[in-house]
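Some notes on the structure that comes next.
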Amino acid sequence: MEKNLNKLYKAKKAARHKLIMLTAYDCPLANILDEAGVEIILVGDSLGNVILGHQDTHRVSMADMIHHTRAVAQGVKRAMLVSDVPYRAASLKNARRLVAAGAQAVKIEGTRDLRLIKQIIRAGIPVMGHLGYLPQSSAKPGLQRSETIVEQARQLEQAGVFALVLELVEPKLAQKVTKAVKIPTIGIGSGKECDGQVLVTYDLLGLSCWSPKFVKKILDLRALISKAIKKYLAP
Ligand code: KIV
């Protein structure tokens, strides 16, 4: 299964297929994304700041990830469901718990856990990598310019990850990484030259309390909901 998936995603890249991944944390939104044709739905650890009201993703627990993966899985019939393994909880056991909750693959930040990543893949669970700004382990968000990312991407490709998120990577460097590997890169705030793009859906729809500058909102749901509620409240 894992080998086939790897082959499939390499073929998608070779065919210049544009991968779109969006986040969901609950059943109704996941269902809307799924029915609209989103290819990959991510239960990201952005759950912490987007939904749970934390300042960052650091306090997101395995229990949180399992709870929301279960909810999302109820709404998804067609898309691939990927769940983040919280950085401090990365283990084969926890990857299996996310799969039991409905994930088809897991995402793991950085290259610290290369051996673990290989172990999870050997156990038959597809892994998506994540390089650049690492929300669970980097201090503050900022554009990543270190060329070491090219070598890290090669290491992850060799370890067998099927795709690679590049978060806040300087666009020319993201392009270099994209050219250096045969697996698809999925960018967020990393320019247009990645093989695909990922966004936090709440940012895209204008529902987040705060969203990064690079996101072009396609809707202002906050304003729409506020207007509707005020109308409802009006005597
Ligand atoms: O947690 C998340 O939403 C993510 C995306 C930003 C890629 O990891």
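Here, each number is a calculation from the coordinates, and none is a lab measurement. As the structure is a computational prediction, the values presented were derived from the model and not from experiment. FYI the Cβ positions are ideal-geometry reconstructions off the backbone, even for glycines, and counts take in every protein chain you see.
Using Cα centres only, tell me the gap between region 146-197 and region 1-78 in whole Å.
Taking the Cα centre of region 1-78 as reference, the centre of region 146-197 is 19 Å away.
Per residue of the chain, what 222 nm ellipticity follows from adding -39500 (n - 2.57) for every DSSP H run with n ≥ 4, rounded to the nearest 500?
Rounded to the nearest 500, the figure is -12000 deg cm²/dmol.
Taking 30 Å as R0, compute the FRET efficiency from the Cβ-Cβ separation of SER137 and LYS3 and round it to 0.05.
0.55
Go through 45-54, 77-86, 120-129, 221-230 and give me the packing order, highest mean Cβ count within 10 Å leading.
With the highest mean Cβ count within 10 Å placed first, the list reads 77-86, 120-129, 45-54, 221-230.
Among LEU204, LEU219, which comes first, second and so on when ranked by fewest other beta-carbon atoms within 10 Å? All intermediate terms of the calculation are to be shown ahead of the outcome.
On the way: LEU204 18, LEU219 11.
Neighbour counts put them in this order, fewest first: LEU219, LEU204.
Is there a quick way to get the dipole size of the chain? I mean about its Cα centre, with the Cβ of Lys and Arg at +1 and of Asp and Glu at -1; what is the value in debye to the nearest 20?
Details: 35 positive and 20 negative charges, 75 e Å.
So the magnitude is around 360 debye.
Magnitude of the Cβ-charge dipole of region 34-123, K/R +1 and D/E -1, about the Cα centre, nearest 20 debye? Mind dumping the intermediate values first?
Numbers: 13 positive and 9 negative charges, 111 e Å.
The dipole of region 34-123 has a size of about 540 debye.
How high is the relative contact order of region 1-150, in percent, with contacts defined as C-alpha pairs under 8 Å that are six or more residues apart?
Values: 234 pairs, mean separation 29.7, N = 150.
So the answer I get is 20 percent.
What pairs from LYS107/LYS179; LYS7/LYS182; LYS12/LYS172 go past 18 Å between their alpha carbons?
Listed pairs above 18 Å: LYS107/LYS179; LYS12/LYS172.
Hey, which aspartates and glutamates would be in cross-link range of LYS18, C-alpha to C-alpha under 15 Å, not counting anything within fewer than 8 residues on its own chain?
GLU39, GLU193, ASP195
For LYS216, give me every one of the lysines with a C-alpha distance below 16 angstrom, ignoring sequence neighbours fewer than eight places off in its own chain.
LYS216 reaches LYS192.
Rounded, prolate or oblate: pick one for the chain, where a ≥ b ≥ c are the square roots of the eigenvalues of its C-alpha gyration tensor, a/c under 1.5 means rounded, and failing that, prolate if a/b is larger than b/c, else oblate.
prolate
What are the aspartates and glutamates whose alpha-carbon lies under 14 Å from the alpha-carbon of LYS217, with same-chain residues fewer than 8 places away excluded?
Counting by Cα, and skipping residues close in sequence, LYS217 has these aspartates and glutamates nearby: ASP203.
Bin all alpha-carbon pair distances of region 24-130 at 10 Å intervals from 0 and give each bin's fraction as a whole percent.
Bin by bin from 0 Å, the calculated values are 17, 49, 30, 4.
Arrange the peptides 206-218, 189-201 so that the one whose residues have, on average, the most other Cβ atoms within 10 Å appears first. Let's see the in-between values first.
Numbers: 206-218: 12.9, 189-201: 21.3.
Peptide ranking by packing, descending: 189-201, 206-218.
For GLU147 and CYS27, FRET efficiency with R0 = 35 Å and r from the beta-carbon atoms, rounded to 0.05?
According to the calculation, E is roughly 0.25.
Among 28-40, 101-113, what's the highest-first ranking by average C-beta atoms within 10 angstrom per residue?
Working: 28-40: 17.4, 101-113: 21.5.
With the highest mean Cβ count within 10 Å placed first, the list reads 101-113, 28-40.
Can you tell which of GLY129, VAL215, GLY48 lies farthest toward the positive end of the dipole of the chain, using +1 and -1 charges on the Cβ of basic and acidic side chains (Lys, Arg; Asp, Glu)?
My answer, from the dipole projection, is GLY129.
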